[in-house]
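Contents: one structure, followed by commentary.
The values are calculated or read from the model by the stated rules, or taken from the named source; none is laboratory data. Being a predicted model, the structure only gives us computed values, none of them experimental. Note that each Cβ is placed from the backbone with ideal geometry, even for glycine, and that neighbours are counted across all protein chains shown.
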Amino acid sequence: MDKVRAKKHLGQHFLNDENIAEKIASSLTLNNYKTILEIGPGMGVLTKYLLKKPVTTYVIEIDTESVSYLQANYLQLSNRIISEDFLKYDLNTIFNNEPFAIIGNFPYNISSQIIFKMLEMRDQVPEFCGMFQKEVAARVCEKEGSKTYGILSVLVQAFYDAEYLFTVSEQVFTPPPKVKSGVLRLTRKKDKKLPCDEKLFFRVVKTAFQQRRKTLRNSLKTFNLSDNLKEDTIFGQRPEQLSVSDFIALTQKIENDNV
Ligand code: SAH
């Protein structure tokens, strides 16, 4: 690993602590899936422990140098190394609409995009575990009433139970990042569908938090709400006061407005 120079633009911070690698791998519950996908395996510190689990492991890595290293050193992975950009690759070329869990010590520079892509594939992803910058992991698990509660918290928790598992110090990476890291686990809820128009739900949540200091009456103006609906007390609130179920109820109200 010493010979490999970390590429900053790819968010490369290689984990150098075997105990933590094993602990992250063990955050997978292994319930309800037989296949897992590791995003950004790098030199395979986590992969090594994943390969001991009774599941089939695929890895997707953008950096060709890391891919060559994995091909040479992890023969058990054989043809399950995908040399592609996770954000651009159509995973169903491989997974054929079958379920798979996601795990990784993720590239922090694309954290939100990884979470949004996971959400698009939520019907196929029963579990999502791994490490982000601490603030991002915490924000995903945050509840209403907090300053850091936002789009990621609501959209993820609409479909997943979110647990913040543990914090990881910057010392265990080469090179060390400037921030602490946090490991989380997302477990998909039993009900895969929301009891409201899901596209509208995403739009309402995103629009409301774009102007998080305003009341919903002001931030949701573009939805052309009827005067009657705007009287509803929920519109006097700010987005960070609303729980996930409040956002679902709000979406239902907007859906039924003027029909
Ligand atoms: N899991 C390894 C590496 C973590 S660093 C470890 O813990 O040591 C993040 C890794 O993600 C790097 O290997 C980087 O090359 C890879 N990566 C960055 N952007 C990616 C993308 N869009 N798709 C797939 N892999 C990516």
- Task: Can you tell me which residue within the range 35-61, out of those that are in a loop (DSSP other than H, G, I, E, B) and either modelled with pLDDT under 95 or touching a Pro at 6+ places or on another chain (Cβ under 8 Å) (or both), is surrounded by the most Cβ atoms within 10 Å (Cβ to Cβ)?
- Result: GLU61
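Do we have MET121 as free of Cβ contacts under 8 Å to residues at least 40 places away in the same chain, touching a strand residue (DSSP E or B) at 6+ places or on another chain (Cβ under 9 Å) and under 19 Å from ALA162 (Cβ atoms) here? Spell out the reasoning first.
Numbers: free of Cβ contacts under 8 Å to residues at least 40 places away in the same chain: yes; touching a strand residue (DSSP E or B) at 6+ places or on another chain (Cβ under 9 Å): yes; under 19 Å from ALA162 (Cβ atoms): yes.
Spelling it out, MET121 is indeed free of Cβ contacts under 8 Å to residues at least 40 places away in the same chain, touching a strand residue (DSSP E or B) at 6+ places or on another chain (Cβ under 9 Å) and under 19 Å from ALA162 (Cβ atoms).
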- Restricting attention to the range 214-242, the residues that are charged (D, E, K, R), out of contact with any Asp or Glu (no Cβ under 9 Å at 6 or more places or on another chain) and over 15 Å from LYS253 (Cβ atoms) number exactly 3
- Item | Within the range 86-106, considering residues that are out of contact with any strand residue (DSSP E or B) (no Cβ under 8 Å at 6 or more places or on another chain) and farther than 19 Å from LYS193 by Cβ, the one nearest to the ligand (Cβ to nearest atom) | LEU87
- Task: Go over the candidates ILE94, ILE115, ILE110, ILE60 one by one and state the one that is touching a residue at least 24 places away in the same chain (Cβ under 8 Å) and either of a type in the set (Gly, Ala, Ser) or in contact with a helix residue (DSSP H, G or I) (Cβ under 7 Å, 6 or more places away or on another chain) (or both).
- Result: ILE115
- Note on the structure: Of the listed residues (THR47, THR29, THR56), the one being of a type in the set (Val, Ile, Thr), away from the ligand (no atom under 13 Å from the Cβ) and more than 22 Å from GLU163 (Cβ to Cβ) is THR56
- Kindly provide the set of residues from the range 122-137 that are crowded, with 16+ Cβ neighbours inside 10 Å and either closer than 18 Å to ARG188 by Cα or within 13 Å of the ligand (Cβ to nearest atom) (or both), ordered by number. ARG122, GLN124, VAL125, PRO126, GLU127, PHE128, CYS129, GLY130, MET131, PHE132, GLN133, ALA137
- Message: Exactly one condition in (1) at pLDDT 95 or above; (2) more than 26 Å from LEU165 (Cβ to Cβ); (3) within 13 Å of the ligand (Cβ to nearest atom) is false for LYS7; which is it?
- Response: (1)
- Task: Please indicate, with yes or no, whether at least one residue in the range 67-83 is modelled with pLDDT of 95 or more and within 8 Å of the ligand (Cβ to nearest atom).
- Result: no
- Taking the range 103-129, which residues are within 9 Å of the chain's Cα centre (by Cα) and over 19 Å from PHE14 (Cβ atoms)? SER112, GLN113, ILE115, PHE116, LYS117, MET118, LEU119, PHE128
- Item | Filtered residues of the range 13-29 (kept if over 18 Å from the mean Cα position of the chain (by Cα) and part of a loop (DSSP other than H, G, I, E, B)) | HIS13, ASN16, ASP17
- Message: Give me the helices (runs of 4 or more DSSP H) completely within the range 188-256, filtered to those with at least 3 residues that are surrounded by 14 or more Cβ atoms within 10 Å (Cβ to Cβ), ordered by residue number.
- Response: 198-210, 216-219, 244-255
- Query: Is there a residue in the range 114-136 that is under 28 Å from ARG203 (Cβ atoms), part of a loop (DSSP other than H, G, I, E, B) and touching a Pro at 6+ places or on another chain (Cβ under 6 Å)?
  - Reply: yes
